[in-house]
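What follows is a short report on a single structure.
The values are calculated or read from the model by the stated rules, or taken from the named source; none is laboratory data. As the structure is a prediction and not an experimental result, all values here were calculated from the model. FYI the Cβ positions are ideal-geometry reconstructions off the backbone, even for glycines, and counts take in every protein chain you see. Just the protein is used for accessible areas: all its heavy atoms, side chains included, with ligands, DNA and RNA removed. Shrake-Rupley method; radii C 1.70, N 1.55, O 1.52, S 1.80 Å.
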Amino acid sequence: MCDQTFVAATFGPCENCSTPSPLINIYIKSEPINYCSLCVEMMACQGLQKGESLVSLKRESESLKKKLEEERKKLCDVELNQVAEKIEVLGALSIKTRRVLKGHGNKVLCMDWCKDKRRLVSSSQDGKLIVWDAFTLNKEHGVSLPCTWIMTCAYAPSGCAVACGGLDNKCSVIPLSMDRNENLAAKKKSVAMHTNYVSGCTFTNSDMQLLTSSGDGTCALWDVESGQLLQSFHGHTADVLSLDLAPSETGNTFVSGGCDMKANVWDMRSGQNIQSFESHESDINCVKYYPSGDAFASASDDATCRFYDLRADREVAVYQKDSIVFGASTVDFSLSGRLLFAGYNDYTINVWDVLKGTRASILFGHENRVSRVRVSPDGTALCSASWDNTLRWATDFVTENK
């Protein structure tokens with residue numbers, strides 16, 4: 001989203017011609033280099049065949065892309081809501097706020113559940129990371145970090161560590177302990193380093209690897225123990241704002257979304273972009289896999305949420321209403337996958353029926369933008385984080401079928 005996007009301009013000597021000028025950070029075989037715009041253009045022209053130019057190649061690329069879209073549209077014979085016509089309509093939803101977690105002194109930017117279904121971690125613009133007991137409202141740990149705008153946080157699968165990152169371009173891992181008085185900030189270990197802010201992070205299926213996304217337009221896989229870069233992912237042409245790991249035991253793919261209005265699916269082993277979707281009309285603020293791993297949803301500043309089927313390789317549903325004019329900032333699915341919770345910049349959370357494409361409920365309570373919604377691992381609770389400095393914890397997903 002526009003007011004969470006930061007640009008870092010680099011000025012210095014070009015690594016090719018040594019001329020002091022604004023530099024463009026590019027990657028060749030995973031190695032970062034800083035070239036001026038002239039050297040980048042000259043490098044791009046190398047290897048062109050006789051009669052070819054960058055303009056002609058771009059024109060050919062656009063033509064092939066249009067042909068591919070035309071072939072895709074021929075296969076789009078039915079929409080998801082048409083397939084679901086005979087499925088029973090959801091009844092009235094009863095979702096009640098049970099807890100309001102207060103402790104941050106500024107906008108809460110991110111939160112994540114622990115797999116024990118009880119603890120959660122939140123990060124804020126106040127430079128603090130807080131580990132909560134959601135049942136008792138107690139703060140188990142509070143970590144003050146030197147960087148304000150801690151834009152992302154994540155719990156390790158074991159529950160023994162948390163990761164966080166933000167405007168300092170780093171992603172750090174902090175081991176947790178039973179001693180609440182221990183200075184955890186002193187145990188912080190920097191694992192990942194980008195050339196722009198860190199917008200997202202998540203552990204893989206172990207505590208030993210960390211996946212990050214950044215405003216430098218890349219995603220990266222890191223070894224937690226050594227801090228070594230294991231794989232980098234290049235394909236976005238603007239800031240990457242969100243990522244999500246496939247919910248499988250192997251977890252070999254992940255999806256990312258960013259300011260280039262693209263959602264890309266990646267193979268973690270090869271680093272290749274294996275699928276790409278470009279139907280949004282503005283920044284993609286959040287992406288989230290469907291529980292089965294065969295599809296994912298996205299939230300965008302164009303005021304829509306969209307549902308993509310990876311097997312069909314296309315968008316199959318759009319969740320929108322004429323009355324919704326503010327951007328969607330975050331999404332998550334219920335455990336069954338029937339409900340899609342979407343947080344918006346108008347301070348509300350809309351609950352969508354994934355199959356029917358209709359809005360099942362709308363939740364109020366926050367007094368500023370909803371920055372994150374996450375369903376607990378057992379599916380019984382929903383936690384939302386907001387720029388009103390609070391987190392709200394809701395339960396009782398009760399439906400009365402019509």
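Most tightly packed first, judged by the mean number of other beta-carbon atoms within 10 Å of their residues, the peptides 255-267, 303-315, 93-105 read 255-267, 303-315, 93-105.
Entry comment: accessible area of segment 56-166 is 54 Å² per residue, from protein heavy atoms only and a probe of 1.4 Å. Placing a label point 7 Å from the Cα of residue 272 along the Cα-to-Cβ line, no residue of segment 288-304 has its backbone N under 17 Å from it. Between residue 161 and 156, 176, the built amide H atoms are under 5 Å apart, and every one of these is 5 or more places off in sequence or on another chain.
Listed values for segment 156-163 are Karplus-derived 3J(HN,Hα) couplings in whole Hz (6.51 cos²θ - 1.76 cosθ + 1.60, θ = phi - 60°), namely 6, x, 6, x, 9, 7, 10, 10, and x replaces Gly and Pro. Rounded if a/c is under 1.5, else prolate if a/b beats b/c, else oblate: with a ≥ b ≥ c from the C-alpha gyration tensor eigenvalues square-rooted, which is the chain? Oblate shape, in that a/c is at least 1.5 and b/c is the bigger or equal ratio. Rounded to the nearest percent, how much of the accessible area of the chain (1.4 Å probe, protein heavy atoms only) is carbon and sulfur? For the chain, the apolar C and S fraction of the accessible surface comes to 50 percent. Note on residue 102 and residue 60: the extension gain reaches 9.6 nm, defined as 0.36 nm multiplied by sequence separation minus the Cα-Cα distance. Here the contact order of the chain, divided by its residue count and restricted to Cα pairs under 8 Å and six or more residues apart, works out to 13 percent.
Computed about the Cα centre, the dipole magnitude for the chain is approximately 720 debye when only Lys and Arg (+1) and Asp and Glu (-1) carry charge, each at its Cβ.
Rounded to 0.05, the FRET efficiency of the residue 160 and residue 326 pair, given R0 = 35 Å and the Cβ-Cβ distance, is 0.35. Pop out the ³J(HN,Hα) list for segment 209-225 in order, Karplus 6.51 cos²θ - 1.76 cosθ + 1.60 with θ = phi - 60°, rounded to Hz; leave Gly and Pro as x. Values per residue, Gly and Pro as x: 10, 10, 10, 10, 10, 8, x, 7, x, 10, 10, 8, 10, 10, 8, 5, 5 Hz. Picking from 329, 53, 214, which is most flexible by a Gaussian network model of the chain using Cα springs under 10 Å? Most flexible of the set in this elastic network: 53. Amide H contacts for residue 305 (H built 1.01 Å from N in the peptide plane; partners 5 or more residues away or on another chain; cut-off under 5 Å): 319.
Close amide H contacts of residue 151 (hydrogens built in the peptide plane, cut-off under 5 Å, sequence separation of 5 or more or a different chain): 165, 166, 167. Spin-label model, residue 335/residue 82: points 7 Å from Cα along the beta carbon direction are separated by 3.5 nm.
Say the cut-off is 21 Å between C-alpha atoms; which of 67/262; 115/139; 58/262; 107/139; 117/288; 115/288 go over it? Among 67/262; 115/139; 58/262; 107/139; 117/288; 115/288, the Cα-Cα distance tops 21 Å for no pair.
Using Cβ point charges alone (K and R +1, D and E -1), the dipole size of segment 228-359 about the Cα centre works out to roughly 340 debye. As a length-normalised measure over Cα pairs under 8 Å and 6 or more apart, the relative contact order of segment 298-342 settles at 38 percent.
Between residue 138 and residue 380, 0.36 nm times their residue separation minus their Cα-Cα distance comes to what? Stretched fully, the residue 138-residue 380 segment lengthens by 85.1 nm. Once C-alpha pairs closer than 8 Å and six or more residues apart are averaged by separation and normalised to the residue number of segment 198-330, the relative contact order reads 15 percent. Is segment 338-397 rounded, prolate or oblate when judged by the Cα gyration tensor, a ≥ b ≥ c being the square roots of its eigenvalues, rounded requiring a/c under 1.5 and prolate requiring a/b larger than b/c? Note, shape of segment 338-397 comes out oblate.
Mind checking which aspartates and glutamates have their C-alpha under 16 Å from residue 321, skipping anything on the same chain fewer than 8 residues away? Filter leaves 281, 301, 302, 346, 353.
Neighbours of residue 260, meaning other residues whose beta-carbon lies under 11 angstrom from its beta-carbon, give a summed charge of -2 when Lys and Arg score +1 and Asp and Glu score -1.
Name the residue from 176, 165, 148 whose Cα lies farthest towards the positive end of the charge dipole of segment 122-242, charges +1 on Cβ of Lys and Arg and -1 on Cβ of Asp and Glu. The listed residue farthest towards the positive side: 148.
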